[in-house]
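What follows is one structure encoded as structure tokens, with my remarks underneath.
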Amino acid sequence: MQAAQAADARLALVIGNSSYRHMGRLSNPANDARLVAAGLAERGFQLVGNGPQLDLDRVGMERAIREFGRSLTSDTVGLVFYAGHGVAVKEVNYLMPVDANPIRETDADFELIDSRLIVKQMASAGNKLNMLILDACRNNPLLDRGLRSATRGLARMEGASGTLIAFSTQPGNVAKDGDGRNSPYALAFLGAIRQPGLGLLDVFNRVGLDVRQATRGDQEPWLAVSPIEGQFYFTQPAGPTPPVASVPDSAPAMPALPAYGAAPAPAATVAALPRSGGELEPIDRDYVARESARVRAEPDVNAGIVATLRQGETVLVLGKVRSEPWYQVELKTGARGYVAESVLMEQDAFKSRQADQAPKDPLANLLKQLLTAPPEGTNKREFGRGASDK
């Protein structure tokens, strides 16, 4: 695979390892990889292997990382997303292939993938921006094997200039695999990159806030960032770029940073995701669009657009494409198509989210308390009696 040579080309390697042969199996990494790969492809990223790379052994991971490094050029924004087991041994972070079976501490270099290998591939390209996203802190299975140098969670690490390294939780902490089909981090990441006009650091700040809220403070993502030149948007601002705030005359003039990384036209640069054979898991329930989205003729981000769903619009979900993050839907017009799984949510969940986001009126709450509270000095039990109790 050759990376596109356009100045704003985007390249992503997405790996999801769930089916471990010698370690504890994880439920969601493969689902997370499918979800994130579809979201990145919609935003102009060319995908190594034309889709998410699932359940890779050591040879497969090395091959995918090498292909990513060879395809990354000085004019390309690079991104690697990894979901699966990740372990820290002597302050070095390793990613775990599905065939890994380390017995001793010294096995790590032979059985696992040193995360610094990815950072080296990124640094060699000489490009302006790279992102390494590790949703890999779920637990450390090596602790159960008595490897004393293995630690809980992942360790701190740094990248070269222009590199952002994102962890799904703080160093030394354990992230959640998620109660549903996806981890809290993957869901938050997909939601953040779909918001128009969010700068790079704003995206990851949004991810952190959403994960912290979803886990009730148990999990808080963490970043390691070196200086990054220019501006990058996963999704371009909806309108004209807002004007820069005026600077007082006494302040020294700052040179304007060049903007880069604008999402290219999808038809020209988005790599096709593998199409499903159409086999569906039946659902037949009404769902609500949590945001505006396109309805595709096939479960493929390159497929033709059938219609556009608006946020809050109800649509009948006929079923879910097996092993793919797509729903088949029927619109009120009778037309049928496919929508990314992350776009839709059940009606009760949508109503709950609206209620949570509704502004709270402190005056109304105070008035309610005054109207429902018993008069001062009145015994609450007597205040609540009816006439028949006397």
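Non-local amide H neighbours of S18 (under 5 Å, H modeled in plane, Pro and chain starts lacking H): which ones?
The answer is A30, D55.
Extension gain V225-S161, at 0.36 nm per residue separation less the Cα-Cα distance, in nm?
22.2 nm
Per residue of the range 285-292, in order, report the coupling 6.51 cos²θ - 1.76 cosθ + 1.60 (Karplus, θ = phi - 60°) as ³J(HN,Hα) in whole Hz, putting x for Gly and Pro.
Once θ is set to phi - 60°, the couplings for the range 285-292 become 9, 7, 10, 10, 6, 6, 7, 5 Hz.
Could you calculate the FRET efficiency of R116 with R25 from 1/(1 + (r/R0)^6), where r is the beta carbon distance between them and R0 is 41 Å, rounded to 0.05?
Efficiency computed from Cβ-Cβ geometry: 0.95.
Which semi-axes, in whole Å and largest first, does the equivalent ellipsoid of the range 275-350 have when worked out from the alpha carbon gyration tensor as the square roots of 5 times its eigenvalues?
17, 14, 11
Tell me, in nm to one decimal, what length is gained between N101 and A297 on full extension, where the rule is 0.36 nm per residue of separation less the Cα-Cα distance?
Here the segment from N101 to A297 would lengthen by 66.2 nm.
Computed FRET efficiency, Cβ-Cβ of D57 and R336, R0 41 Å: what is it to the nearest 0.05? Before the final figure, lay out the partial values.
Numbers: r = 39 Å, r/R0 = 0.95.
Calculated transfer efficiency: 0.60.
Amide H of F81: which non-local residues (sequence gap of 5 or more, or other chain) have their own amide H closer than 5 Å, using H built in the peptide plane?
Long-range HN contacts for F81: L13, V14, I15, I133.
Ranking T215, T314, T76, T308 by Cβ neighbours within 10 Å, fewest first, what do you get?
Final ranking by Cβ density, sparse to dense: T308, T314, T215, T76.
Readers should treat all values here as calculations from the given coordinates under stated rules, not as data from a laboratory. What you see is a predicted model, and the numbers here were worked out from it, not measured in a lab. All Cβ positions, even for glycine, are placed from backbone atoms using ideal geometry, and neighbour counts span all protein chains on display.
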